[in-house]
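Student: Before I ask anything, here is the structure I am working with.
The values are calculated or read from the model by the stated rules, or taken from the named source; none is laboratory data. Because the structure is a prediction, the values reported are computed rather than measured. Quick reminder, even Gly has a Cβ in these numbers, built from the backbone with ideal geometry, and neighbours come from all protein chains shown. Areas reflect the complete protein model, heavy atoms only, side chains present, ligands, DNA and RNA absent. Shrake-Rupley method; radii C 1.70, N 1.55, O 1.52, S 1.80 Å.
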Amino acid sequence: MPRTAREIRLKSRPVGMPAPENFELAEVPIPEPGPGQMLIRTIWMSVDPYMRGRMSDRKSYAPPFEVGKAMDGRFVGEVMESNGGRFPKGTFVAGMGGGWKEYHVADGKGLFQANPDIPLQAHIGTYGMPGMTAYVGLLDIGQPKPGETVLVSAASGAVGAVVCQIAKIKGCRVVGVAGSDEKCAWLKETAGVDGTVNYKHHKGADALEAAIAEHCPDGVDVYFENVGGDHLTAALNLLNQHGRIAACGMIARYNDADPQPGPPNMFLVVGKRIRMQGFIISDHNDRIPDFNRDMAQWIKEGKVKWRETVFEGLERAPEAFMGLFKGENFGKMLVRVGPDRA
Ligand SMILES: NC(=O)c1ccc[n+]([C@@H]2O[C@H](COP(=O)([O-])OP(=O)(O)OC[C@H]3O[C@@H](n4cnc5c(N)ncnc54)[C@H](OP(=O)(O)O)[C@@H]3O)[C@@H](O)[C@H]2O)c1
């Protein structure tokens with residue numbers, strides 16, 4: 001058992017796109033678990049787009065990371081010692097609190113035991129927060145009906161790929177927008193979507209709208225919004241009367257140093273009676289049992305599949321994180337911090 005471990009700290013707050021100098025790798029003593037606590041070794045850690053918001057100090061739904069302190073996020077790990085903590089030594093657990101660190105102590109609140117039938121890393125992907133975001137965002141916020149057309153942006157990503165597949169399971173026509181031909185091919189051939197658009201071949205909202213429209217002969221009923229910008233403008237034009245926008249994220253805007261103007265066609269929400277609803281997944285924990293049941297079943301039946309991009313080693317976490325904003329991930333972006341077995 002080593003005596004020291006590494007963690008990644010926020011060194012400075014980025015302006016615009018995060019850069020390597022905003023992060024700092026530090027070596028710290030491995031903490032001792034106090035009464036009621038466990039020492040947990042991180043195996044997998046998640047990097048997620050929302051962390052960009054926490055690197056800034058503006059008010060948001062999640063508190064900002066503190067400069068000079070370790071960053072935080074979701075992880076999958078192994079309980080190495082339990083001093084009367086919630087789980088015994090040797091348990092694989094997942095949850096918040098151990099990301100960006102090789103070891104941490106926790107009392108187990110908010111953690112859950114990994115499902116042995118599901119790959120460990122999927123507990124921070126398809127069977128974890130991103131999958132749950134897709135489930136709640138599509139079914140509860142988007143409320144698609146069989147036969148309706150669902151349009152998904154960032155469609156091959158951790159959330160988007162699951163949205164596409166749940167929409168297919170629910171009998172919808174699905175059109176996915178993604179940033180490479182390879183991602184589009186996977187969406188069609190493996191995720192089973194009906195149409196795809198590589199937005200990089202169609203610059204500007206008008207060209208994007210025309211490319212998407214080719215796959216949406218009956219318009220769009222639900223737009224699952226992950227990107228914002230031109231994607232939202234195009235979707236507003238294509239949405240039908242009583243269309244719904246499940247506003248999950250707007251990653252194209254997260255690194256703007258100055259606020260950008262909104263879609264010029266926003267007025268369409270009035271005449272088309274569009275319902276646009278933002279949501280934050282942590283408000284929907286009551287749906288976890290339904291999600292766990294349905295997703296475990298879909299994975300077992302091969303109805304939901306996923307891709308992963310893995311960066312090896314905690315020291316590569318900043319690179320993995322920054323890659324999210326350049327489309328360097330194909331599916332869930334993951335960092336492997338340690339081996340499955342110590
Ligand atoms: N509301 C919630 O509770 C909640 C929870 C989780 C995630 N989210 C949001 O859901 C969205 C997807 O998250 P995720 O974890 O699944 O990430 P992800 O899709 O796995 O990764 C981000 C992807 O976004 C695309 N992208 C990045 N910058 C872009 C730009 N400027 N224009 C167009 N596409 C861009 C890239 O894919 P391409 O190669 O296709 O461009 C990139 O791979 C994000 O907006 C995130 O903030 C919200």
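Student: Check whether at least one residue in segment 289-306 is under 26 Å from Val47 (Cα atoms), in a loop (DSSP other than H, G, I, E, B), without any contact (Cβ under 8 Å) to a residue 40 or more places away in the chain and not assigned by TED's automatic domain parsing to the domain that holds Cys184, and report yes or no.
Tutor: yes
Student: Quick check on segment 217-244: of everything there that is within 16 Å of the ligand (Cβ to nearest atom) and more than 11 Å from Ser153 (Cβ to Cβ), which residue is surrounded by the most Cβ atoms within 10 Å (Cβ to Cβ)?
Tutor: Among them, the one singled out is Val222.
Student: Now for a different question. Among the residues of segment 111-128, count how many are buried (at least 22 other Cβ atoms within 10 Å of the Cβ) and under 22 Å from Leu324 (Cα atoms).
Tutor: The number of residues fulfilling the criteria is 8.
Student: Here is a further query. Those residues that are assigned to a loop (DSSP other than H, G, I, E, B) and out of contact with any helix residue (DSSP H, G or I) (no Cβ under 8 Å at 6 or more places or on another chain), I need them from segment 213-261; list them, please.
Tutor: Passing the criteria: Glu214, His215, Pro217, Asp218, Asp256, Ala257, Asp258, Pro259, Pro261.
Student: Continuing with the same structure: Collect the residues in segment 146-200 that are without any contact (Cβ under 8 Å) to a residue 40 or more places away in the chain, under 13 Å from Val220 (Cα atoms) and within 13 Å of the ligand (Cβ to nearest atom), keeping them in residue-number order.
Tutor: Gly176
Student: Scan Gly147, Gly176 and give me the residue that is crowded, with 24+ Cβ neighbours inside 10 Å and modelled with pLDDT of 95 or more.
Tutor: Result of the check over Gly147, Gly176: Gly176.
Student: Hey, any hits in segment 268-282 for a residue that's open to solvent by less than 80 Å² (accessible area, probe 1.4 Å), closer than 30 Å to Gly90 by Cα, within 15 Å of the ligand (Cβ to nearest atom) and modelled with pLDDT of 95 or more?
Tutor: Yes - at least one qualifying residue is present in segment 268-282.
Student: Pull up segment 179-216, narrow it to residues that are of a type in the set (Val, Ile, Thr) and within 21 Å of the chain's Cα centre (by Cα), then point me to the one that is surrounded by the fewest Cβ atoms within 10 Å (Cβ to Cβ).
Tutor: Once the filter is applied, the top-ranked residue is Thr190.
Student: Being away from the ligand (no atom under 16 Å from the Cβ) and basic (Lys, Arg) is the filter here; which residues of segment 288-334 pass it?
Tutor: Selection gives Arg293, Lys300, Lys303, Arg316.
Student: Criterion first (assigned by TED's automatic domain parsing to the domain that holds Gly142, without any contact (Cβ under 8 Å) to a residue 12 or more places away in the chain and assigned to a helix (DSSP H, G or I)) does Ala210 satisfy it?
Tutor: yes
Residue-wise test of (1) without any contact (Cβ under 8 Å) to a residue 40 or more places away in the chain; (2) open to solvent by less than 30 Å² (accessible area, probe 1.4 Å).
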{"position": "Leu10", "(1), (2)": "no, yes"}
{"position": "Val15", "(1), (2)": "no, no"}
{"position": "Glu27", "(1), (2)": "yes, no"}
{"position": "Pro31", "(1), (2)": "no, no"}
{"position": "Gly34", "(1), (2)": "no, yes"}
{"position": "Ser46", "(1), (2)": "no, yes"}
{"position": "Met51", "(1), (2)": "no, yes"}
